[in-house]
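A short worksheet on the structure shown next.
The values are calculated or read from the model by the stated rules, or taken from the named source; none is laboratory data. This structure is a prediction, so every number in the text was calculated from the model and none was measured. Neighbour counts run over all protein chains shown; Cβ positions are idealised from the backbone, glycine included.
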Amino acid sequence: MKYALIGCGRISPNHIGAAVNNELEIVGICDLIEERMKEKKELFEAIKDVHEYTDYKLMIEKEKPDLVAIATESGKHAEIAIDCLNMGVNIIIEKPISLSIEDADRIIKLAEEKKLKVCTCHQNRFNKAIQKMRKNLEAGYFGKLYYGTAHILWNRNQSYYEQAPWRGTWAQDGGTLMNQCIHNIDLLRWMMGDEVSEVFAYTDNLNHPYIEAEDVGLALVKFKNGTYGVIEGTSDVYPKNLEETLYLFGSTGTAKAGGSSVNKIEVWRFEDGEDEEAVKSEFSEVHKNVYGLGHTPLYKDMIEAIKENRAPYIDACAGKRAMELVLAIYLSAATGKPVKLPLDKCSTLDFINRFN
């Protein structure tokens, strides 16, 4: 299967590594900054002879890939995705799928019309710890699920934002919730039944005057099935990342996935008596960075979805749901009122000048 990558920035090594691990035929890489492509070629022997492009449409036209990954700045995801779909290519889109409800809907509709597959890159769903929690949830071991909490307690300093001027802007990124926290927000919504009825939230910019968007967000989420969620996300933790955790509380089970990126089981207490220490040992992973190890299994699933003509494990609708919840938090915080879901329209552009 022929594969190409659009965007050779910070996350691109994870995509290239996943493509190599899944034995894809890498036919092209694309970035507006040529030096980035050369840097990635030095990292991966497998792509040393791959063609470089600064125009992704030209790359698709010449190389004719079956699958393309989009790993550009967030504000470009939707435009590139729509172009790829119109050119007949299946796509993996880095989170978030888009920065507006309308664009996500366009992607979903066009993929259906073209009979193409779209995967949103929420790779933490493939973490061993998260897969174990999901298995127990689906098997009913939590009993009646009461509520869940997602905490993302990280640090991002000025040098991080200076590496790429699009970061922290409403037009191309959004803030901490849309960029750093959306993975865990996705997990919380997924675990709690997906369907949200109402959100109430506060957001603020407490420590990053050089960005447009928020660096802290606190939200309460009411799900249609009667459960609740709590979200705490920030990039203000001194002096470095502290943790990313997901708790689930039920009538017969309590679980916590923690570590730097929900990569470890830290609490495992169930009525069925499964040994807590054994589960901690078996379902915890060591990650080199917060991106984790999930890209390789995500790519494997997407390849199989294309071959088997089925939906990928994390499809475009899943990507929309995660992004929608972030936008609902932004909207509630901006208006000071609870927000009902689903959202018909909303975009990060609606919040320009929010903290000016």
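Quick notes on this one:
- Condition check for residue 171: in contact (Cβ under 8 Å) with a residue 40 or more places away in the chain, of a type in the set (Gly, Ala, Ser) and either closer than 19 Å to residue 208 by Cα or outside the structural domain of residue 215 (by TED's automatic domain parsing) (or both): yes
- Within region 99-176, helices (runs of 4 or more DSSP H) holding 2 or more residues that are under 21 Å from residue 328 (Cβ atoms) and within 17 Å of the chain's Cα centre (by Cα): 101-114
- Looking across region 169-195, just one residue is buried (at least 24 other Cβ atoms within 10 Å of the Cβ), polar (S, T, N, Q) and touching a helix residue (DSSP H, G or I) at 6+ places or on another chain (Cβ under 8 Å), and that is 184.
- Contacts under 6 angstrom Cβ, first residue in region 328-356 being over 19 Å from residue 218 (Cβ atoms), partner of a type in the set (Ser, Thr, Tyr), 6 or more apart: 347/100
- Checked against the criterion of being among the acidic types (Asp, Glu), touching a residue at least 60 places away in the same chain (Cβ under 8 Å) and either out of contact with any Asp or Glu (no Cβ under 6 Å at 6 or more places or on another chain) or more than 26 Å from residue 335 (Cα to Cα) (or both), the candidates 276, 266, 244 yield just one match: 244.
- Scanning region 230-289 for residues that are out of contact with any strand residue (DSSP E or B) (no Cβ under 8 Å at 6 or more places or on another chain) and among the basic types (Lys, Arg) yields a count of 1.
- Top-ranked residue in region 264-298 [being among the aromatic types (Phe, Trp, Tyr) and part of a loop (DSSP other than H, G, I, E, B); ranked as farthest from residue 146 (Cα to Cα)]: 291
- Set 219, 201, 213, 255: member being touching a residue at least 12 places away in the same chain (Cβ under 8 Å), crowded, with 21+ Cβ neighbours inside 10 Å and over 28 Å from residue 93 (Cα atoms): 255
- Odd one out for residue 261 among (1) of a type in the set (S, T, N, Q); (2) in a helix (DSSP H, G or I); (3) in contact with an Asp or Glu (Cβ under 8 Å, 6 or more places away or on another chain): (2)
- Test: residue in region 264-273 that is crowded, with 16+ Cβ neighbours inside 10 Å and of a type in the set (D, E, K, R): yes
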